[in-house]
Amino acid sequence: ETGVTQTPRHLVMGMTNKKSLKCEQHLGHNAMYWYKQSAKKPLELMFVYSLEERVENNSVPSRFSPECPNSSHLFLHLHTLQPEDSALYLCASSQTYGTSGRDTQYFGPGTRLTVL
Amino acid sequence: QKEVEQNSGPLSVPEGAIASLNCTYSDRGSQSFFWYRQYSGKSPELIMSIYSNGDKEDGRFTAQLNKASQYVSLLIRDSQPSDSATYLCAVNLWSGAGSYQLTFGKGTKLSVIP
């Protein structure tokens, strides 16, 4: 496996279900990100982890819960979602995160989530 | 409000022509600028990064940066139908919380007509 991988690629869930999205990066990077991409809207940053510590949480509802057990893996736990949460969820990684302003992010293929 | 603005298009160009994609940003302190290509139903793929004023060329792609005008563009020479995609401009904007945050425009949809 190379780059950034995500599973599952597609997920359909009911509003009462609990599911998890998984991301793995094989680039030796220290920062990982979750983004949400909805139709007609720019990518929205949800969470950032740097060296396994959460450094950004952009006012995301508590029904989304991230977990970063190590620098290569990132999870997004989902529970009691709403239909408006249906979107493409993208994971990304970068070598570093911080004050240089030059971090280049590489994206995984995404998980297409549909909430019924 | 710190923003990245792009014309949503669609931008249609004939095969072999030059496609010109434009982006403006609000934060004068921005340090790095990226162009991503996103095919329908796929994830963004990095095409170019640029950090200094002027032009940066990579094959058929040229990124142009003018920090004084807060403007970055992407030129695609000899456009091919396979270039048809949405092009996302991304800028590292200072978040005000001690770090930069990559902020994306809504993207410009490019259609190259055979």
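When B:Ser79, B:Ser84, B:Ser99 are screened for being of a type outside the set (Val, Ile, Thr) and without any contact (Cβ under 8 Å) to a residue 12 or more places away in the chain, only B:Ser99 passes. Screening B:Asn22 with (1) under 10 Å from the mean Cα position of the chain (by Cα); (2) away from chain A (no Cβ under 13 Å); (3) at pLDDT below 95 gives one miss only, at (3). Scanning the range B:79-114 for residues that are of a type in the set (A, V, I, L, M) and assigned to a strand (DSSP E or B) turns up B:Ala85, B:Leu88, B:Ala90, B:Val91, B:Leu93, B:Leu102, B:Leu110, B:Val112, B:Ile113.
Residues satisfying the criterion are present in the range A:57-80 (criterion: more than 8 Å from every other protein chain (Cβ to nearest Cβ), in contact (Cβ under 8 Å) with a residue 60 or more places away in the chain and of a type in the set (Ser, Thr, Tyr)). Annotation note: of A:Val55, A:Val4, the sole residue that is of a type in the set (Val, Ile, Thr) and closer than 24 Å to B:Lys42 by Cβ is A:Val4.
For the range B:25-55, a tally of residues being free of Cβ contacts under 8 Å to residues at least 12 places away in the same chain and within 14 Å of another protein chain (Cβ to nearest Cβ) returns 4.
In the range A:83-110, how many residues are part of a loop (DSSP other than H, G, I, E, B), at pLDDT 95 or above and either on the phi < 0 side of the Ramachandran plot or more than 7 Å from chain B (Cβ to nearest Cβ) (or both)? Total satisfying the criteria: 3. If you filter the range A:22-44 down to residues that are in contact with a Phe, Trp or Tyr (Cβ under 6 Å, 6 or more places away or on another chain) and of a type in the set (A, V, I, L, M, F, W, C), you find that the one that is surrounded by the most Cβ atoms within 10 Å (Cβ to Cβ) is A:Met32. Where strands (runs of 3 or more DSSP E) fall entirely within the range B:1-78, those with at least 1 residues that are surrounded by 13 or more Cβ atoms within 10 Å (Cβ to Cβ), in contact with an Asp or Glu (Cβ under 8 Å, 6 or more places away or on another chain) and among the aromatic types (Phe, Trp, Tyr) are at B:19-25, B:33-38. Checking the structure you have, find out if any residue of the range B:81-88 is on the phi > 0 side of the Ramachandran plot, within 10 Å of chain A (Cβ to nearest Cβ) and buried (at least 18 other Cβ atoms within 10 Å of the Cβ). No; the residues of the range B:81-88 include none that is on the phi > 0 side of the Ramachandran plot, within 10 Å of chain A (Cβ to nearest Cβ) and buried (at least 18 other Cβ atoms within 10 Å of the Cβ). Put simply, of A:Phe64, A:Phe75 the only residue that is at pLDDT 95 or above and out of contact with any Ser or Thr (no Cβ under 6 Å at 6 or more places or on another chain) is A:Phe64.
The values are calculated or read from the model by the stated rules, or taken from the named source; none is laboratory data. Please read all numbers here as calculations on a predicted model, not as lab measurements. Backbone-built Cβ (ideal geometry, glycine too); neighbour counts: all protein chains shown.
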